[in-house]
Amino acid sequence: MVRDEFGQMHGDALLRDHVLLSLGGRTAAEAIEAGREPREVWRALCDEFDVPPVRR
């Protein structure tokens with residue numbers, strides 16, 4: 001879903017480099033590795049980047 005919304009290169013960079021305060025100051029990849037549900041991480045990215053509800 002991340003790649004579909006943001007493209008492969010940008011999506012991959014977001015997963016590993018963008019820190020999400022709503023996930024405890026972790027990147028999306030770190031949050032998933034720490035046990036957060038991927039759906040929760042996806043929602044946090046959507047909130048952060050104002051992804052319209054129809055594409056969430």
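What is the dipole size for the chain, taken about its Cα centre, with +1 at each Lys and Arg Cβ and -1 at each Asp and Glu Cβ, in debye to the nearest 20?
That gives a dipole near 120 debye.
Using Cα-Cα distances under 8 Å and only pairs 6 or more residues apart, what relative contact order does the chain have, in percent?
25
Principal axes first, then extents: for the Cα atoms of the chain, list largest minus smallest coordinate on each axis, whole Å, largest first.
27, 22, 16
Can you tell me the 0 to 90 degree angle between the C-alpha axis of helix 38-48 and the longest principal axis of the chain, rounded to 10?
So the helix axis and the longest Cα principal axis differ by about 70 degrees.
Can you pull out the chymotrypsin sites (Phe, Trp or Tyr not before Pro) in the chain whose DSSP state is coil and whose Cβ has at most 15 other Cβ atoms within 10 Å?
F49
What residues have an amide H closer than 5 Å to that of H18, excluding those fewer than 5 places away on the same chain, when H is modeled at 1.01 Å from N in the peptide plane?
Sorted by chain and number, the residues that satisfy this are A28.
Could you work out [θ]222 nm for the chain from helices alone, using -39500 (n - 2.57) per DSSP H run of at least four and dividing by all its residues? Round to the nearest 500 deg cm²/dmol.
Helix contribution divided over all residues of the chain: -15500 deg cm²/dmol.
Take the solvent-accessible surface of the protein heavy atoms, probe 1.4 Å, and return the percent of it on the chain that carbon and sulfur atoms account for.
Carbon with sulfur: 50 percent of the solvent-accessible area.
Find the accessible area per residue for the range 1-42; the probe is 1.4 Å, ligands and nucleic acids are left out, and the unit is Å².
66
For R36, list long-range residues whose amide hydrogen, built 1.01 Å from N in the peptide plane, is under 5 Å from its own amide hydrogen.
Hits under the 5 Å cutoff: none.
The values are calculated or read from the model by the stated rules, or taken from the named source; none is laboratory data. Computed from a predicted structure; not experimentally measured. Neighbour counts are summed over all protein chains in view; Cβ atoms, including those assigned to glycine, are modelled from backbone coordinates with ideal geometry. Ligands, DNA and RNA are excluded from the accessible area calculation, which covers all protein heavy atoms including side chains. Shrake-Rupley method; radii C 1.70, N 1.55, O 1.52, S 1.80 Å.
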